[in-house]
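The values are calculated or read from the model by the stated rules, or taken from the named source; none is laboratory data. In this text the structure is predicted, and so the values were computed from the model without any measurement. For neighbour counting, all protein chains shown are included, and Cβ atoms are generated from backbone atoms with ideal geometry for every residue, glycine included.
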């Protein structure tokens, strides 16, 4: 079981602020540090936002060991070829520590404010096309693409990712099943409840894993990521995490967000420094 911090990309004015939190996480024994990818969250939400890729670049420079990435990047509002360049560059900057979390994207305001289509079928199709394009461009081979939403004339991207590819974790909302059919094709799954911020149960997680196992066509390592809240007491935290670990989770993602800490820097630091929820 590995343990990470999951933190919004808003409430900060300078990427150095979030990079210092990531360094504290690394020093405190966490295994990963993941940030959200939003442009605008809701109407009249007048707070500062960081670009996730600039922030992750600062994090990559500030840290040496922990995995880093987005949780999650909504490919339907991204240009996949630009995302391919960003991810490969960041993967080299971090010496191969990048994990790319992807999904359909929410909330609606984050799309329609900028004229983006929020239709679920459109977002699903764009996500699937975008993932195919990412893998094609990451390959370093001549690649062209003709999709419903994205078209690419033959092109070859260099460099390839640091370790030839970048792990992809696919988010999905439970109890919908299609997102987990998609996740089975990639390297990991990040499920959330349709009633978020209510947490999934260990039984929910078992059902999700069963669906994925039925659809998997490869035998490579597959991560199962569960998000939640634990207290700073490691032994008490371990009691919360253990049922999910027993159900098949491989990563615990500690939520550090507005619902919990109001983005108070001192509170964020305190929880991070308390370390991951595992017994010593």
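If we scan segment 191-210, do we find a residue that is within 27 Å of residue 85 (Cβ to Cβ) and out of contact with any helix residue (DSSP H, G or I) (no Cβ under 8 Å at 6 or more places or on another chain)? So far as segment 191-210 goes, no, none of its residues is within 27 Å of residue 85 (Cβ to Cβ) and out of contact with any helix residue (DSSP H, G or I) (no Cβ under 8 Å at 6 or more places or on another chain). Of the residues making up segment 31-38, none is surrounded by 15 or more Cβ atoms within 10 Å (Cβ to Cβ), more than 16 Å from the chain's Cα centre (by Cα) and farther than 16 Å from residue 86 by Cβ.
Applying the condition of being modelled with pLDDT under 90 and either buried (at least 17 other Cβ atoms within 10 Å of the Cβ) or touching a helix residue (DSSP H, G or I) at 6+ places or on another chain (Cβ under 9 Å) (or both) to segment 235-262 and asking which residue is nearest to residue 66 (Cα to Cα) yields 256. Within segment 84-105, which residues are touching a strand residue (DSSP E or B) at 6+ places or on another chain (Cβ under 8 Å) and more than 16 Å from residue 34 (Cβ to Cβ)? Within segment 84-105, 104 is the sole residue that qualifies. When you check residue 24 against the structure, is it part of a helix (DSSP H, G or I) and surrounded by fewer than 20 Cβ atoms within 10 Å (Cβ to Cβ), yes or no? Taking the combined requirement at face value, the residue satisfies it.
If I filter segment 39-54 for residues that are more than 18 Å from the chain's Cα centre (by Cα), surrounded by 15 or more Cβ atoms within 10 Å (Cβ to Cβ) and at pLDDT 95 or above, do I get at least one hit? For segment 39-54, residues more than 18 Å from the chain's Cα centre (by Cα), surrounded by 15 or more Cβ atoms within 10 Å (Cβ to Cβ) and at pLDDT 95 or above: absent. Of all residues in segment 27-50, exactly one satisfies the criterion of being assigned to a loop (DSSP other than H, G, I, E, B), out of contact with any helix residue (DSSP H, G or I) (no Cβ under 8 Å at 6 or more places or on another chain) and within 18 Å of residue 71 (Cβ to Cβ), namely 31. Counted as qualifying within segment 67-152 are the strands (runs of 3 or more DSSP E) with 1 or more residues that are buried (at least 21 other Cβ atoms within 10 Å of the Cβ), namely 67-74, 98-103.
Scanning segment 56-66 for residues that are within 21 Å of residue 270 (Cβ to Cβ) and either at pLDDT below 95 or not in a loop (DSSP other than H, G, I, E, B) (or both) yields 59, 62. Taking segment 11-21, which residues are within 19 Å of residue 270 (Cβ to Cβ) and not in a loop (DSSP other than H, G, I, E, B)? Passing the criteria: 17, 18, 19, 20, 21.
Among the residues of segment 201-208, is there at least one that is in a strand (DSSP E or B), crowded, with 20+ Cβ neighbours inside 10 Å and in contact with a strand residue (DSSP E or B) (Cβ under 6 Å, 6 or more places away or on another chain)? The answer is no; no qualifying residue exists. Just one residue in the set 196, 169 is touching a strand residue (DSSP E or B) at 6+ places or on another chain (Cβ under 9 Å) and modelled with pLDDT under 95; that residue is 196.
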